[in-house]
Amino acid sequence: MVQRIFPDKCVVLDLETTGNRPQSGDQIIQIGMCIIKQGKIVEQYTSLVKPTISIPPYIEQLTGITNERVEHAPTIQEVLPKVIAYLEQGVLVAHNIHFELSFLQYVLEEHGYPLFSGLMLDTVELARILLPGQQGYRLEQLAQHFQLVHHCPHQADSDALATAQLFIALVEKQTQVLIAGPKK
């Protein structure tokens, strides 16, 4: 039943960045993606990204991504074509999608690509609808609620995988609600 509710292709995106504002010069330092088809994770992609600015110490501490780790990583220009190819004909899914979308749209425009205009789903908002009494909606809290493995919070590969698993769990929960019908 879950397979019929899922779009044909969902692309879960998570980014680690040097800060919160691409318009102020903050940049992507890691990209994590998971492709979901028919309710299953079928592919993962991750890449460190070499920024043109130094990674602030607090970001290094939060993410574990240091200037040394990204020194020989590909640039955003080198990584973008692969990201765009993954996004084609897919529904973009992210945890707090406005953050990822702000950086994605900024780098697409900056490098002469069309802006992403496809369908989007936010697992934070979906969780708020399906789990109204939840204590909090941070990825770590929701992963714990669904007993999902989340090894390295604030690493894009781990966050993308946890978000993909969370999305699948939320869709399964929605399916159960649809099958059971309203409470009497």
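You will find that of Gln141, Gln89, Gln134, the residue that is touching a residue at least 12 places away in the same chain (Cβ under 8 Å), of a type in the set (S, T, N, Q) and out of contact with any strand residue (DSSP E or B) (no Cβ under 8 Å at 6 or more places or on another chain) is Gln89 and no other. A count restricted to the range 121-131 and to residues that are at pLDDT 95 or above and either part of a loop (DSSP other than H, G, I, E, B) or among the hydroxyl-bearing types (Ser, Thr, Tyr) (or both) stands at 1.
Candidates in the range 107-126 are the residues that are surrounded by fewer than 18 Cβ atoms within 10 Å (Cβ to Cβ) and of a type in the set (Ser, Thr, Tyr); of these, the one that is farthest from Ala160 (Cα to Cα) is Tyr113. Could you list, in sequence order, all residues of the range 132-141 that are in a loop (DSSP other than H, G, I, E, B), under 23 Å from Val11 (Cα atoms) and of a type outside the set (D, E, K, R)? Tyr137 - this is the single residue of the range 132-141 that is in a loop (DSSP other than H, G, I, E, B), under 23 Å from Val11 (Cα atoms) and of a type outside the set (D, E, K, R). Here Ala164 fulfils each of the conditions (1) in a helix (DSSP H, G or I); (2) aliphatic (A, V, I, L, M); (3) at pLDDT below 95 apart from (3). The set of residues in the range 161-171 that are under 14 Å from Ile41 (Cα atoms), out of contact with any His (no Cβ under 6 Å at 6 or more places or on another chain) and either free of Cβ contacts under 8 Å to residues at least 60 places away in the same chain or not aromatic (Phe, Trp, Tyr) (or both) comprises Leu161, Ala164, Gln165, Leu166, Ile168, Ala169, Val171. Being β-branched (Val, Ile, Thr) and surrounded by fewer than 24 Cβ atoms within 10 Å (Cβ to Cβ) is the filter here, so list the residues in the range 154-170 that pass it. Ile168 - this is the single residue of the range 154-170 that is β-branched (Val, Ile, Thr) and surrounded by fewer than 24 Cβ atoms within 10 Å (Cβ to Cβ).
Listed here are the residues, each with its yes/no results for (1) among the hydrophobic types (A, V, I, L, M, F, W, C); (2) more than 18 Å from the chain's Cα centre (by Cα); (3) under 24 Å from Asp122 (Cα atoms).
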| site | (1), (2), (3) |
| --- | --- |
| Gln27 | no, no, yes |
| Lys37 | no, no, yes |
| Gln44 | no, no, yes |
| Ile53 | yes, yes, no |
| Val70 | yes, yes, no |
| Pro74 | no, yes, no |
| Glu88 | no, no, yes |
| Val91 | yes, no, yes |
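The values are calculated or read from the model by the stated rules, or taken from the named source; none is laboratory data. Please read all numbers here as calculations on a predicted model, not as lab measurements. Every residue, glycine as well, gets a Cβ built from its backbone with ideal geometry; the counts of neighbours run over all protein chains shown.
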